[in-house]
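Read the structure below first, then the notes.
The values are calculated or read from the model by the stated rules, or taken from the named source; none is laboratory data. These numbers were taken from a predicted model, which means no experiment stands behind them. Cβ: placed from backbone, ideal geometry, glycine included. Neighbour counts: every protein chain shown.
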């Protein structure tokens, strides 16, 4: 029946835009508060399933060693909504984007208590810069939220079906996937000047760019899924990694990569991590611009469905979330910097984004 | 002839009071003027003797006169109370309703209309809400396969068979016509007039025409919970406009050969009840249009030598148009068209070798095609050739039946590649042993599969060319106890079955862009029990009480990955316990019936948690009440009834995010000319 088909089409499309913890090397600064050297706990935003109203916010408290299945529900008595897509802690606030409920929930980071709710149609991902929070939306725009007044002050038009965003060299790079217009996919990054808050150019990358991150050397990394084998009118385009120089806005390299279904990407220190089709976690060296290691994990642990990354700077641990069968509780694994599994905790369904709470 | 003979015996045993009682519970289309000299009303025997569907495997049945006992409006409602049945109901008047039997999934149930399968090669599931009851004589559910072996091969090709039999004209030269006109109206703005015209042309030819229209606005209130409070909303844009015209001709030869030809056209314009999502306005705008046409014909001939031939043919053309005005692409909407065609031919030959031994052979050829306006659609054509050899053997109290089905499926596409040709052998073995007159024990084993659907193969970006059929093994052991009793308790009928099912290569949608989203990755195993009790009792002063209780225990488990935390979790949408209790009392023209369904909690994903309310779907009870009066108006039989669904106005959900309507009612008026 149509309901099955559409649901699966949309599920497929929303899955294709996978969340990745896009945490940079420096702890998040912000106008509201300073950074701290101690981690209090880790939040995991669980998407739940599309149209099932079962998105939850897991929280693991490091000192109490307790796991709360839904800290948002506990703090607010109301449910998060349908398909929580992105999560970001900025200063003392935590922003939660709930895609199918058309909401951006702005909460106190330490308690998850709701401060303000903003309505944006089909919101996707977050990015932060100075006193701005940016939210991309499937209606082809990026909304600019003022982090003091917590209101939307501007809406910037970008490409089609925009997904993740990253800040580099005073600019905001937005991945325009065009996924909802399949087979007419998009293949550009919108470049937004952060002083004028306008789109200044588009950079052509590999077809269907979804996830994006940037390193400390002013490189922007974009993972694209390609066009699923193409058809009679569209020649096949493979999945790949595009590296853009944020100083010149020129493409440094475009490599075909055998990507799997989930493509979270994270830059941490000198390395960029992303999963490949064979369930390995590739480690890319940002300084030498080459593949460092085919698999970050050295002890044989296999992540069934790598869904999100995060890095705890205080403990040096790398987190990888595993969505398992996409229809039951996932797992969050903690690895040492050398690639050995240390511990794991149970998450909700489809743990799509991880954020670390500083003390 | 036969009816007259039974009538005489029946009259001899009955007191006049009882006769009146029997007449009162008969359906009106069964009453006909007799052509005997005494001008006695000839009755079709629908006695208060326990009527057990004659079947070696476990089987359940509901007849037209019983639909009112269950306040049934469509086929899904009529079978909701059967053991082992889980109906997945999306709510509303236009919502999808599919049936899964014994936890196997909706794709493993084949729906037959007068013995010929109604197929949906695109979805693999039949939407039972499309089948109204106005021309249905009876519905039977067979676990495994029906016992009669001279049937089309397709009757042997599914794990469960749901057989719908339509009303056939049964007229005489004295009264060669029968016109039934009726109208139903009620909640959701429902107005549903229908007309049936049966006509006898001569002693060989007769025909029947059914006209049906249904209009409803589909509006109802429901509540959703945001974690702290209930929020009330209204179902909007969920109205339906449905028309159906159906006609069949019947020919009976003097040598007992038979021929029939049927044409059926169904048109529906439905607003789809969408998933209710928190914090956004109620869903609206999704629409579906169906244009379904089918023609089927059959010819049967028996010879005195014991040879019987049955030939059937069918053509079906189904068009589906889906529209979503809120899809967030650049165009701002999704507009999809799908057309399926099926060409079907079947021939079966059965031969009675001895009084105790029958053998049958059937061959079916099915060709399915599909076209769609999806990007780079592959326009598949599937040819399925089924050959089955079956035999029935009776040795004293033991009856054995065995069949071996060979399925050959060839798939072709206009561009790209697809799955390879498949050749499968599927055996079935059934046995029943009559221990004594009321008690029979039975058992069956069936191994069968279902092919991947067109959607699973061609709807996604990439076709998974390695997609295999999904196999189901069923083992069943049970007994039936069927006793007519003297005295106030007229009969008691008890059936109980215990079963074990195994499904391997179960097809699941998993986000997996490069291999195609449908994969054979799951395995399930299930044990369960189906128990049914039926009884009737005279309560004095012409009152009669009826009771039917069905209980299902289903422990259907996900055994895909022994290392996963989901290992042995109960499957989604499969309640462990289901009880359906139906009680009624009738007297002369009146009948009052009450139905209570109780379902234990269900899970809606692969988790089996109950920590938070959102982890599962709550247990629920659903009650229906109906009152019917059958009388006459100027010597014409009339029937008036009132039905109340969800009597206690419960807020419940069958499918996650699709709230069901609260209390609703329907009144019907029908006259027969």
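A few points about this structure:
- Of A:197, A:189, all but one fail to be away from every other protein chain (no Cβ under 14 Å) and crowded, with 21+ Cβ neighbours inside 10 Å; the exception is A:189.
- Residues (under 13 Å from residue A:278 (Cα atoms) and in a strand (DSSP E or B)) located in the range A:290-305: none
- Within the range A:104-113, the set of residues being in a strand (DSSP E or B) and crowded, with 22+ Cβ neighbours inside 10 Å comprises A:104, A:105, A:107.
- Test: residue in the range B:104-119 that is more than 14 Å from chain A (Cβ to nearest Cβ) and in contact with a helix residue (DSSP H, G or I) (Cβ under 6 Å, 6 or more places away or on another chain): yes
- Annotation: residue B:99 fulfils all but one of (1) in contact with a helix residue (DSSP H, G or I) (Cβ under 7 Å, 6 or more places away or on another chain); (2) surrounded by fewer than 23 Cβ atoms within 10 Å (Cβ to Cβ); the unmet one is (2).
Let's see how each residue does on (1) within 14 Å of chain A (Cβ to nearest Cβ); (2) under 30 Å from residue B:308 (Cα atoms); (3) in contact with a helix residue (DSSP H, G or I) (Cβ under 6 Å, 6 or more places away or on another chain); (4) part of a strand (DSSP E or B):
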site	(1), (2), (3), (4)
B:348	no, yes, no, yes
B:375	yes, no, no, no
B:393	no, yes, no, yes
B:401	no, yes, no, yes
B:419	no, no, no, no
B:445	no, yes, no, yes
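- Listed by position, the strands (runs of 3 or more DSSP E) inside the range A:1-96 whose residues that are modelled with pLDDT of 95 or more and buried (at least 23 other Cβ atoms within 10 Å of the Cβ) number at least 2 are A:39-46, A:56-61, A:84-90.
- Single match in B:133, B:128 (criterion: in contact with a strand residue (DSSP E or B) (Cβ under 7 Å, 6 or more places away or on another chain) and surrounded by fewer than 23 Cβ atoms within 10 Å (Cβ to Cβ)): B:133
- In the set (1) more than 26 Å from the chain's Cα centre (by Cα); (2) surrounded by 15 or more Cβ atoms within 10 Å (Cβ to Cβ); (3) without any contact (Cβ under 8 Å) to a residue 60 or more places away in the chain, residue B:611 fails one condition alone, (2).
- Residue A:261 vs. criteria at negative phi, buried (at least 22 other Cβ atoms within 10 Å of the Cβ) and part of a loop (DSSP other than H, G, I, E, B): yes
- Unique residue being within 13 Å of chain A (Cβ to nearest Cβ), surrounded by 17 or more Cβ atoms within 10 Å (Cβ to Cβ) and within 24 Å of the chain's Cα centre (by Cα) when the list is B:318, B:329: B:318
- Candidate set: the range A:219-246, residues that are touching a strand residue (DSSP E or B) at 6+ places or on another chain (Cβ under 9 Å), away from every other protein chain (no Cβ under 12 Å) and not in a strand (DSSP E or B); chosen: the one surrounded by the most Cβ atoms within 10 Å (Cβ to Cβ): A:246
- Residue B:93 vs. criteria under 21 Å from residue B:658 (Cβ atoms), touching a residue at least 24 places away in the same chain (Cβ under 8 Å), surrounded by 23 or more Cβ atoms within 10 Å (Cβ to Cβ) and within 14 Å of the chain's Cα centre (by Cα): no
- Any chance residue B:654 is more than 14 Å from chain A (Cβ to nearest Cβ) and either assigned to a strand (DSSP E or B) or on the phi > 0 side of the Ramachandran plot (or both): no
- Residue match in the range B:528-540 (condition: under 25 Å from residue B:653 (Cβ atoms), touching a strand residue (DSSP E or B) at 6+ places or on another chain (Cβ under 6 Å) and either modelled with pLDDT of 95 or more or surrounded by 15 or more Cβ atoms within 10 Å (Cβ to Cβ) (or both)): yes
- Scanning the range B:614-647 for residues that are crowded, with 16+ Cβ neighbours inside 10 Å and under 18 Å from residue B:91 (Cβ atoms) returns B:617, B:620, B:622, B:623, B:624, B:643, B:644, B:645, B:646, B:647.
- A single member of B:387, B:408, B:423 is touching a helix residue (DSSP H, G or I) at 6+ places or on another chain (Cβ under 7 Å) and surrounded by fewer than 18 Cβ atoms within 10 Å (Cβ to Cβ), and it is B:387.
- Among residues of the range B:95-135, those that are in a helix (DSSP H, G or I) and more than 26 Å from residue B:213 (Cα to Cα), counted: 3
- Odd one out for residue B:286 among (1) more than 22 Å from the chain's Cα centre (by Cα); (2) at pLDDT 95 or above; (3) buried (at least 20 other Cβ atoms within 10 Å of the Cβ): (2)
- Checklist (1) farther than 24 Å from residue B:191 by Cβ; (2) surrounded by fewer than 17 Cβ atoms within 10 Å (Cβ to Cβ); (3) away from chain A (no Cβ under 14 Å) applied to residue B:245, failing item: (1)
- Meets criteria (touching a residue at least 40 places away in the same chain (Cβ under 8 Å), more than 14 Å from every other protein chain (Cβ to nearest Cβ) and out of contact with any helix residue (DSSP H, G or I) (no Cβ under 7 Å at 6 or more places or on another chain)) for residue A:294: no
- The range A:146-162: number of residues that are buried (at least 24 other Cβ atoms within 10 Å of the Cβ) and either in contact with a strand residue (DSSP E or B) (Cβ under 6 Å, 6 or more places away or on another chain) or assigned to a strand (DSSP E or B) (or both): 2
- Within the range B:436-489, tally of residues that are in contact with a strand residue (DSSP E or B) (Cβ under 7 Å, 6 or more places away or on another chain) and without any contact (Cβ under 8 Å) to a residue 40 or more places away in the chain: 9
- Failed criterion for residue B:570 (all others in (1) within 14 Å of chain A (Cβ to nearest Cβ); (2) surrounded by fewer than 18 Cβ atoms within 10 Å (Cβ to Cβ); (3) at pLDDT 95 or above hold): (2)
- Among the residues listed as B:635, B:647, the single one being at pLDDT below 95 and away from chain A (no Cβ under 14 Å): B:635
- Residue ID - modelled with the highest pLDDT, chosen from residues in the range B:482-513 that are crowded, with 18+ Cβ neighbours inside 10 Å and not in a strand (DSSP E or B): B:510
- Set side by side, the residues B:324, B:269, B:335, B:292 differ, and just one is surrounded by fewer than 16 Cβ atoms within 10 Å (Cβ to Cβ) and within 14 Å of chain A (Cβ to nearest Cβ), which is B:335.
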